[in-house]
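Chemist: Can you keep this structure in mind? I'll have questions shortly.
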């Protein structure tokens, strides 16, 4: 994976190529991806829709950037945004669970029988973080697949201070984790 664990950034083109290849794999396997994104600002769904055939796996995605939207639409408890930093494992987990409930219960967008669905909640700071938080270029993301939820922390250790590159590296890593999760549990 790029950007984490001491791996150097090769180039922006290498990131884009890897994103496209991962998206093609998701589409080939017909792995439906539903996202609630914060710091990536819709970047996961944007990356997938840049690849032919994306309509086969994308049906509902949202950007939930503000604490108010996370609370009112995804049912994140207000105390989480007060007691914890909005960038936390609990919030990413709550976003993934809230998205699943929103799709399956409140909006009645059912899962198709026999198809694979992944729900992803992402929250983080890219390029900036509150002073003394040690969360710059850190994202927490949770993936629900087959009723199991896994939460990950990704901190890019890039020397590059370009926010757009850091965001693309996070998007790539998250997409690769989605694919790996599905492959391990299918």
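The values are calculated or read from the model by the stated rules, or taken from the named source; none is laboratory data. These figures come from a predicted structure and were not determined experimentally. Glycine also receives a Cβ, built like all others from the backbone with ideal geometry; neighbour counts cover every protein chain displayed.
Chemist: I'm checking my understanding of the structure. Among residues of region 8-25 that are loosely packed, with under 14 Cβ neighbours inside 10 Å and outside any helix (DSSP H, G or I), which one is modelled with the highest pLDDT?
Modeler: Only one residue tops the list, namely 11.
Chemist: Taking region 53-79 only, how many residues are outside any loop (DSSP other than H, G, I, E, B), out of contact with any strand residue (DSSP E or B) (no Cβ under 7 Å at 6 or more places or on another chain) and under 21 Å from residue 140 (Cβ atoms)?
Modeler: 8
Chemist: Would you confirm, using the coordinates I've provided, whether residue 96 is within 11 Å of the chain's Cα centre (by Cα), modelled with pLDDT under 95 and either part of a strand (DSSP E or B) or under 17 Å from residue 178 (Cα atoms) (or both)?
Modeler: Criteria not met by residue 96.
Chemist: What do you reckon, is residue 109 more than 19 Å from residue 166 (Cα to Cα) and either in a helix (DSSP H, G or I) or at pLDDT 90 or above (or both)?
Modeler: No, not satisfied.
Chemist: Considering region 27-52 alone, what residues qualify as being over 14 Å from the mean Cα position of the chain (by Cα) and part of a helix (DSSP H, G or I)?
Modeler: If the condition is that a residue be over 14 Å from the mean Cα position of the chain (by Cα) and part of a helix (DSSP H, G or I), then 27, 28, 49 are the ones that fit.
Chemist: Go through region 21-69 and report how many residues are under 15 Å from residue 174 (Cβ atoms) and out of contact with any helix residue (DSSP H, G or I) (no Cβ under 8 Å at 6 or more places or on another chain).
Modeler: Final tally of qualifying residues: 5.
Chemist: May I ask you to verify whether residue 156 is within 23 Å of residue 21 (Cα to Cα), within 14 Å of the chain's Cα centre (by Cα) and surrounded by 18 or more Cβ atoms within 10 Å (Cβ to Cβ)?
Modeler: Criteria not met by residue 156.
Chemist: Further question on the same structure: Out of all the residues in region 96-109, is one or more surrounded by fewer than 21 Cβ atoms within 10 Å (Cβ to Cβ), in contact with a helix residue (DSSP H, G or I) (Cβ under 7 Å, 6 or more places away or on another chain) and in contact (Cβ under 8 Å) with a residue 12 or more places away in the chain?
Modeler: yes
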